[in-house]
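S.K.: I am attaching a structure below and will ask some questions about it afterwards.
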Amino acid sequence: MRGAGSFLFWKLDSMSDLIKRLQDRPVQKRPNKVKITGRILFLVDDAIAMRRQLAGEDLPLDHGLSYRNDISTDEITPAYICYYYDDVLGDFPYLGFRAGEEFPVERGSVRRGGFEVSVSGKRRGKGSSREQSPYAERCAGIRLVIAENIERIYQDNCHNLGILTTTDFGVLEKVRAGAELPLSIFTEGKDTISREIIEWGGLFQFNLARLQGKAVLPAPQPARRGQTLAQKIFAKHRVTDLGGNRVGVPSIAERDAGFFRADIRFSHEYVTPMAAIFFEEQVGKDERVNDPRSIYFFRDHLTFLDKAMTPERKQQGLLEVAAQLKLKQEQFAERHGILLHGETGLGGSEAICHSKMLQDYALPGQLIIGSDSHTPHSGAIGCVAFGVGTTAIFNSWITRDVYSLVPETVRAYVKGVKPPGITAKDIMLAILADDYVRSGKAIGKMMEYCGPVVEALNIDERATLTNMAAEVGAFSGIVAPDAKTVEFLVAERGMGVAEAEAYCRGLRSDPDAEYAHTIEIDASRLEPMVARPGDPGNGVPISRLEPVQVEIAYAGSCTAGKKEDMDMYVRVLQVAVERGVRVAPGVSFYLQFGSQEVKEYCRERGYLDIFERVGAIVIEPSCGACINAGPGVSTRKDQVTISAINRNFPGRSGPGLMYLASPLTVAASALAGRIVAFDPDRIGAPARAR
């Protein structure tokens, strides 16, 4: 089976030839002092002040304005901007940046402004792993990013591209004074390899130095005590030599840094073309990727773009620009012999990448990297799967490994007895509302979901938890494999029980493993949850929500387009069919599958008939509305959506107001025309007086 088991180092002679050629490339470290001569752009929550800066006025360092917190990559580079994958991106940073209700940044204004420093508040770079965001900043002239804290993937992408980062606001005085800055300011507190990447000016330059024996590759540090599940998997995949030929150590300490052999590397059409350009320009058009059999490409993000793009965007030629992403990925896949899961001819795609990865490829104990922040989806069966940026993907095509810190682990312990109307999504929204998470303390850590309630969940529901580790800002999410994992591998992969059990054996945290923190959730006390617009962490019980009328109900995405999710939609809609109830007037209810296999599952069980009878709009598999690229997006600022996807950042799925909820709540709300929890006794009944 392709994608199964441990991969051997394929075509070692060919790889050695490539390394030999790369050993002849000149590579040089940065100077040990840096001078920033450009202007400082303060990303503040004041549209007038933003426009003044962009028009040429420099704010004083003690400006007294509030910095914007939680600036997501969706705001740095909105989805439509990512149709570009070259230096044209420099025209676009911060076009989605919102100050109050205004969008003060215009195309080209940052580049024209001569800014070299960009400053903001907490949790900068949260959200998607798109490297287009820091790349757009770099192309616009930004050399230094300063924020109170910075999301892991975004910061890694900055370092990989050569952008400096710091959380030390004292640097601003030195920049404004024109002083030279010791490079050590930006490497202090970093692990050895992060320091080296910064000092060499980026990941590719560091890897050249590494392959030439010029860079430092520290020895693995053994664990001080028992290991977490994540530590065990990282230890198994630790590269121990410069060339990447020796892999595996008995144990590894948290916070240890190194390179780790990836069993699977995958990317989608938003990222592959940019990585391909990097490969062709920096490695060579005639070179070949290392081990194409363990690489997968997906055409899953933009298959419905023509149905979601506004006439204005089409007039700007963006549909044609986006079409080049598809073409470039196809050409690169064919040239390198890489399997591409593409379109089906029915509209949509074979599958969303995360759905396909869990369904067909991921295995317990593997280490998987993907070009999307929701790569942790596959952690549901006990593998370490995490999102990386374009530069990391491109470099992995050369070395088959990826740089990482071994993350500390946070336990999310879910106890009690889960009430019938509570789903994994409700549990996740409760975790996201926890103070530890909302304060940013879980950023960069592994989320290990455990406890009797998690153990009772099936794999699809576990995948909702691990998928949304991305919304925590976590490194990844994982659930220890068990009997349910074995059942999944037997049913979905056709394995024998003994083979499935062998994959799961030994994959549990040790009793004396050390955790950074434990978040404890009592499921028996949970009510159905909803996250108010703006952030997935804005979760409240529906019982405390003010009356909210909806125009759009969206059921789908990698988070909520799985088989178990379809079962939940039908659990609600079957009651409606029995009572002759349809989707409420004025509501568009979209239902989108995560893969063709999920669609077939629905066909076999008669679900498609139920969807049709209630008036749902059924859509072929694709990412679609989740990334503002398919049916189900909002078109007005006052339009309200109830959605089962994973994110509700401003502009994520159109200009409207998006509430996040479980599949049960989304289906019930579509029928009611307002946000309600699922109550079978209330379907078709008059609305309760408030």
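The values are calculated or read from the model by the stated rules, or taken from the named source; none is laboratory data. As the structure is a prediction and not an experimental result, all values here were calculated from the model. Ideal geometry is used to build each Cβ from the backbone, glycine not excepted, and the neighbour counts take in all protein chains shown.
S.K.: So, in segment 305-324, exactly how many residues are in a helix (DSSP H, G or I) and over 18 Å from PRO621 (Cβ atoms)?
M.R.: Within segment 305-324, residues that are in a helix (DSSP H, G or I) and over 18 Å from PRO621 (Cβ atoms) number 12.
S.K.: Next question, about the same structure. For residues that are touching a residue at least 12 places away in the same chain (Cβ under 8 Å) and under 19 Å from LYS326 (Cα atoms), tally how many sit in segment 276-288.
M.R.: Of the residues in segment 276-288, 4 are touching a residue at least 12 places away in the same chain (Cβ under 8 Å) and under 19 Å from LYS326 (Cα atoms).
S.K.: Return only the number of the condition from (1) among the hydrophobic types (A, V, I, L, M, F, W, C); (2) assigned to a loop (DSSP other than H, G, I, E, B); (3) closer than 25 Å to LEU302 by Cα that LEU608 does not satisfy.
M.R.: Looking at each condition in turn, LEU608 falls short on (2).
S.K.: Additional query: Within segment 514-535, track down each residue that is of a type outside the set (Val, Ile, Thr) and touching a strand residue (DSSP E or B) at 6+ places or on another chain (Cβ under 6 Å).
M.R.: TYR515, ALA516, HIS517, GLU520, ASP522, ALA523, GLU527, MET529, ALA531, PRO533
S.K.: May I ask you to say which residue of ARG265, ARG238, ARG246 is in contact (Cβ under 8 Å) with a residue 40 or more places away in the chain and charged (D, E, K, R)?
M.R.: Criteria check complete, one pass: ARG265.
S.K.: Taking segment 530-581, which residues are surrounded by 17 or more Cβ atoms within 10 Å (Cβ to Cβ), assigned to a loop (DSSP other than H, G, I, E, B) and among the basic types (Lys, Arg)?
M.R.: Answer for segment 530-581, where residues must be surrounded by 17 or more Cβ atoms within 10 Å (Cβ to Cβ), assigned to a loop (DSSP other than H, G, I, E, B) and among the basic types (Lys, Arg): ARG532, LYS562.
S.K.: Any chance you could count how many residues in segment 144-191 are in a strand (DSSP E or B) and at pLDDT below 95?
M.R.: 1
S.K.: Right, something else. Of the residues PHE611, PHE593, only one is in contact with a helix residue (DSSP H, G or I) (Cβ under 9 Å, 6 or more places away or on another chain), of a type in the set (Phe, Trp, Tyr) and within 25 Å of ASP681 (Cβ to Cβ); which?
M.R.: Unique residue meeting the criteria: PHE611.
S.K.: Would you kindly identify the strands (runs of 3 or more DSSP E) lying entirely within segment 347-438 that contain at least 1 residues that are touching a residue at least 24 places away in the same chain (Cβ under 8 Å) and under 18 Å from the mean Cα position of the chain (by Cα)?
M.R.: 367-370, 384-387, 401-405
S.K.: Next up: Have a look at ALA257, ALA262, ALA275 and point out the one that is in contact with a strand residue (DSSP E or B) (Cβ under 8 Å, 6 or more places away or on another chain), surrounded by fewer than 24 Cβ atoms within 10 Å (Cβ to Cβ) and on the phi < 0 side of the Ramachandran plot.
M.R.: It is ALA257.
S.K.: Do you know which of the residues in segment 192-228 that are surrounded by fewer than 21 Cβ atoms within 10 Å (Cβ to Cβ) and β-branched (Val, Ile, Thr) is modelled with the lowest pLDDT?
M.R.: Among residues in segment 192-228 that are surrounded by fewer than 21 Cβ atoms within 10 Å (Cβ to Cβ) and β-branched (Val, Ile, Thr), the one modelled with the lowest pLDDT is VAL216.
S.K.: Let me ask something additional. Do any residues in segment 566-586 that are under 16 Å from ASP679 (Cβ atoms) and touching a residue at least 60 places away in the same chain (Cβ under 8 Å) have Cβ atoms under 6 Å from those of residues that are of a type outside the set (A, V, I, L, M) and part of a loop (DSSP other than H, G, I, E, B), where the two are at least six apart or on different chains, and which pairs are they?
M.R.: Listed by first residue and then by second, the contacts come to VAL572/PHE678; ARG579/GLY684; VAL581/GLY684; ALA584/GLY673.
S.K.: Related question: Name the residue, out of ALA513, ALA480, ALA456, ALA463, that is crowded, with 23+ Cβ neighbours inside 10 Å and touching a Lys or Arg at 6+ places or on another chain (Cβ under 8 Å).
M.R.: ALA463
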